[in-house]
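Q: Below is a structure I'd like to ask you about.
The values are calculated or read from the model by the stated rules, or taken from the named source; none is laboratory data. All of these numbers come straight from a predicted model, not from anything done at the bench. So basically every Cβ, Gly included, is an ideal-geometry build from the backbone, and we count neighbours across all protein chains shown. All accessible areas refer to the heavy atoms of the entire protein, side chains included, with ligands and DNA or RNA removed. Shrake-Rupley method; radii C 1.70, N 1.55, O 1.52, S 1.80 Å.
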Amino acid sequence: MASSTLSTPFLKATRTDGGSGLGFQASDSIRFSSPNLQFSIQRISAPRKLEVQAAGNTFGTVFRVTTFGESHGGGVGCIIDGCPPRIPLSEADMQFDLDRRRPGQSRISTPRKETDTCRIYSGVYEGITTGAPIQVMVPNTDQRGHDYKEMSMAYRPSHADATYDFKYGVRSIEGGGRSSARETIGRVISGAIAKKVLKMLSGTEVLAYVSQVHKVVLPEGVVHNETVTLEQVESNMVRCPDPEYAEKMIKAIDEVRVKGDSIGGVLTCIARNVPRGLGSPVFDKLEAELAKACLSLPASKGFEFGSGFAGTFMMGSEHNDEFYVNDHGKIRTRTNRSGGIQGGISNGEIINMRVAFKPTATISRKQHTVTREKEEIELIARGRHDPCVLPRAVPMVEAMVALVLHSNNRWNCRVLRLPAYLIECVLKWRLVIRMLRSSFTRNRYTSFGLETLKG
């Protein structure tokens, strides 16, 4: 039998990176020989250095949003792909929510002064969306990169500094880069568009408000989700619709602000007039989509909807939402512990959820930390930061909820593909039906021959 010899050791090839152990050069050669046959195998080795891509900047499927920019760069913004055509749109539609989110709006927010004035660069012609990608940008005008000199070598406790460095080996030091809440400008812009489409086509309204700041908790029943208005929410700087508790919350924030500390709390968000049938079973449940969206926000730490964790203290006979038929012949539930979602699908009731936010990580008090060289030091973080993120997080949560609802509302997407004159007809008839349903009782339907409207 012919014998063969291995002229190059297989397990002792030299590594190109200078390390020891197993490894091969970019073109390791293994030669086999015998009296009748000679051949060689060229092996191209796999890369030895793990390359990590900084992905995760796009949200949504039907209505896709990609945010860009950093806290202390030239500006921030977003590109929106999948926005339907023929939607009236201007900078003013987005500016209202941007003003609610912007820094420097009150003494209980960061003192950084930014106007956050947005500009549309594409996707809109003469005030109407064209169906092409929409690019909107907001310039940064009040950067102070020198405030972050100490943080260039040390990690801020509970901030993303360390984990970004661990994963990518590099980070944007000034302002935290993509981990800064300034990234949420792109979310608020796209969310404002989604809210407009939802309101226009299905009458859906998304509204959030502060329901807890630290130990000041708004009692259940003080604010009625069926009737609370945007004007009530915006009536004070903390964005709590109840004036008495708003003052208590403001006082709590003021107390920690002067000490250079921070506190967290909870936002409540509701969605009214949500069509039935949004969401899908199993992995694409509506509450799962909402949880992912809200927990992607900076500083968010918890999510619950409906009865949430409080429902664990109840029995099934107490927790179940019993069905009934209302005066308009529509199936409703007497209670709403399900939070407007059952089996992952919206049931037509008010969707209500709560999002918990931690205290702001960057504070101006001395804390123990380490440097990149693993030296233990004490750090006093500089810069301008919110003593409580809750008031400015209100439009952020609204935006993420609106993006989820719009992406799941396939009916709206189908309507928007119709010719313009048909869209107008559909909207008018839906408005007429809603007005009739709210104006007539069940008996009047029969007398006016409008029995078909009862469902």
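Q: Kindly establish whether G277 is within 29 Å of N347 (Cα to Cα) and in contact with a Ser or Thr (Cβ under 8 Å, 6 or more places away or on another chain).
A: For G277, the condition - within 29 Å of N347 (Cα to Cα) and in contact with a Ser or Thr (Cβ under 8 Å, 6 or more places away or on another chain) - is met.
Q: Here is a check on your reading of the model: is Y155 modelled with pLDDT of 85 or more, open to solvent by less than 30 Å² (accessible area, probe 1.4 Å), within 30 Å of R372 (Cα to Cα) and not small (G, A, S)? Working first, answer last.
A: Numbers: modelled with pLDDT of 85 or more: yes; open to solvent by less than 30 Å² (accessible area, probe 1.4 Å): yes; within 30 Å of R372 (Cα to Cα): yes; not small (G, A, S): yes.
Taking the combined requirement at face value, the residue satisfies it.
Q: Within region 106-122, how many residues turn out to be open to solvent by 70 Å² or more (accessible area, probe 1.4 Å) and either of a type in the set (V, I, T) or farther than 20 Å from V389 by Cα (or both)?
A: Residues meeting the conditions: 4.
Q: Next question. Only one of these conditions is not met by K167: (1) more than 20 Å from A192 (Cα to Cα); (2) modelled with pLDDT of 90 or more. Which number is it?
A: The failed condition is (2).
Q: Can you find even one residue in region 385-402 that is over 33 Å from the mean Cα position of the chain (by Cα) and modelled with pLDDT of 60 or more?
A: No: zero hits.
Q: Across region 220-272, which residue is most open to solvent (accessible area, probe 1.4 Å) among those that are closer than 30 Å to I380 by Cβ and assigned to a strand (DSSP E or B)?
A: V266
Q: Checking the conditions here, which among I185, I173, I189 is among the β-branched types (V, I, T) and over 21 Å from the mean Cα position of the chain (by Cα)?
A: I173
Q: Across region 64-105, what is the number of residues that are in a loop (DSSP other than H, G, I, E, B), among the aliphatic types (A, V, I, L, M) and open to solvent by 30 Å² or more (accessible area, probe 1.4 Å)?
A: Total meeting the criteria: 0.
Q: In region 273-302, what residues are open to solvent by less than 10 Å² (accessible area, probe 1.4 Å) and either of a type in the set (S, T, N, Q) or within 23 Å of P111 (Cβ to Cβ) (or both)?
A: The answer is L297, and nothing else.
Q: Restricting attention to region 174-189, does a residue exist that is of a type in the set (V, I, T) and over 30 Å from P84 (Cβ atoms)? I'd like the intermediate steps shown before the answer.
A: Narrowing region 174-189 to residues of a type in the set (V, I, T): 184-185, 188-189.
Within this subset, residues satisfying the condition of being over 30 Å from P84 (Cβ atoms) are none.
Within region 174-189, none of the residues are of a type in the set (V, I, T) and over 30 Å from P84 (Cβ atoms).
Q: Another question, then. Given the options V217, V210, name the one that is open to solvent by 20 Å² or more (accessible area, probe 1.4 Å), out of contact with any Asp or Glu (no Cβ under 6 Å at 6 or more places or on another chain) and aliphatic (A, V, I, L, M).
A: V217
Q: Which of the residues belonging to region 114-144 are closer than 20 Å to R187 by Cα and either in contact with a His (Cβ under 8 Å, 6 or more places away or on another chain) or among the charged types (D, E, K, R) (or both)?
A: If the condition is that a residue be closer than 20 Å to R187 by Cα and either in contact with a His (Cβ under 8 Å, 6 or more places away or on another chain) or among the charged types (D, E, K, R) (or both), then E114, D116, R119, N140 are the ones that fit.
Q: (1) buried (at least 20 other Cβ atoms within 10 Å of the Cβ); (2) free of Cβ contacts under 8 Å to residues at least 12 places away in the same chain: which one isn't true of A310, the others all being true?
A: For A310, the exception is condition (1).
Q: Quickly run through region 357-371 and pick out the residues that are in contact (Cβ under 8 Å) with a residue 24 or more places away in the chain and either farther than 22 Å from S300 by Cα or open to solvent by 30 Å² or more (accessible area, probe 1.4 Å) (or both).
A: Hits for region 357-371 are K358, P359, S364, R365, Q367, H368, T369, V370, T371.
Q: Determine whether I345 is β-branched (V, I, T), open to solvent by less than 20 Å² (accessible area, probe 1.4 Å), at pLDDT 95 or above and touching a helix residue (DSSP H, G or I) at 6+ places or on another chain (Cβ under 9 Å).
A: No: the conditions fail for I345.
Q: Here is a follow-up. Filter region 313-342 for residues that are touching a residue at least 60 places away in the same chain (Cβ under 8 Å) and open to solvent by 50 Å² or more (accessible area, probe 1.4 Å) and give the result.
A: Within region 313-342, D327, H328, K330 meet the criteria.
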